[in-house]
Amino acid sequence: MKRTLLTAAALAFTVVGASSAQAQALRPISFGMSGGAAIPMGKTADAANMGFGLSGLADYKTPTMPVSIRGELSFSRFGMKDLPSGIDGNHRVLAAIVNVVGNVGGNASVSPYFIAGPGVYSLKSTMSQDDIDVSFSKTAMGINGGMGLNFHLGALSTFAEARYHYVFSKDEDKGFDNTQNLPIVFGIRF
């Protein structure tokens with residue numbers, strides 16, 4: 001009896017996972033979210049600690065398109081390095097990005113992909129002491145590129161990816177260099 005129930009449960013779980021994956025393959029638009037570590041790179045790493053990144057996304061794909069299009073809104077935050085005692089500070093990056101995503105093969109349950117595209121990035125650095133805040137901001141164009149892996153966890157369509165972001169934010173008057181970071185995230189599509 002137990003064995004029959006376990007077999008039935010495993011079969012139901014497999015059918016639900018397969019039907020969810022099939023339904024996502026038939027829908028041209030899917031939504032998702034991701035989160036993970038954001039690692040400052042280049043000169044950004046001289047002023048910022050490792051932080052975190054969050055994103056909301058919408059993917060558009062039809063069976064006739066060789067690639068999919070992903071629109072994305074993202075937020076990253078990093079702590080500032082080497083501040084004097086009593087002063088807090090952080091760097092934050094808000095971005096609106098449009099990417100092209102190209103699958104590289106794989107099978108129905110696991111498939112690697114490449115992702116790249118341009119975006120608009122809003123950067124802000126803030127330092128605080130007691131009730132006084134000082135901030136500097138800049139909006140600039142940037143590009144990103146990387147790779148990821150789509151896979152299924154039961155009925156969930158999930159992905160893991162790493163992307164390098166390079167923002168053309170150099171502004172000597174405000175003390176900004178070109179901003180670079182590498183988010184490594186885990187995401188879910190629904």
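Of these, Gly42, Gly56, which one is at pLDDT 90 or above and outside any loop (DSSP other than H, G, I, E, B)?
On inspection, the qualifying residue turns out to be Gly56.
Residue check: Ile184 meets all listed conditions (1) out of contact with any Ser or Thr (no Cβ under 6 Å at 6 or more places or on another chain); (2) of a type outside the set (Lys, Arg); (3) under 21 Å from Val67 (Cβ atoms); (4) at pLDDT 95 or above but one, namely (3).
Once the stretch 75-86 is narrowed to residues that are of a type in the set (Gly, Ala, Ser) and under 16 Å from Ser125 (Cα atoms), the residue that is surrounded by the fewest Cβ atoms within 10 Å (Cβ to Cβ) is Gly79. Of all the residues in the stretch 61-74, those that are surrounded by fewer than 16 Cβ atoms within 10 Å (Cβ to Cβ) and within 26 Å of Ala48 (Cβ to Cβ) number 1. Contact map, the stretch 111-127: first residue in contact (Cβ under 8 Å) with a residue 24 or more places away in the chain, second residue outside any strand (DSSP E or B) and surrounded by 15 or more Cβ atoms within 10 Å (Cβ to Cβ), Cβ cut-off under 6 Å, separation 6 or more or different chains; pairs are Leu123/Ser169.
For every residue, the table says whether it meets (1) more than 15 Å from Ser74 (Cβ to Cβ); (2) out of contact with any strand residue (DSSP E or B) (no Cβ under 6 Å at 6 or more places or on another chain); (3) in a strand (DSSP E or B).
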residue	(1), (2), (3)
Ile143	no, no, yes
His152	yes, yes, yes
Ala162	no, no, yes
His165	no, no, yes
Asp173	yes, yes, no
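The values are calculated or read from the model by the stated rules, or taken from the named source; none is laboratory data. Not measured: the values here are computed from a predicted model. As a convention, Cβ positions derive from the backbone with ideal geometry for all residues, glycine included, and neighbour counts pool all protein chains shown.
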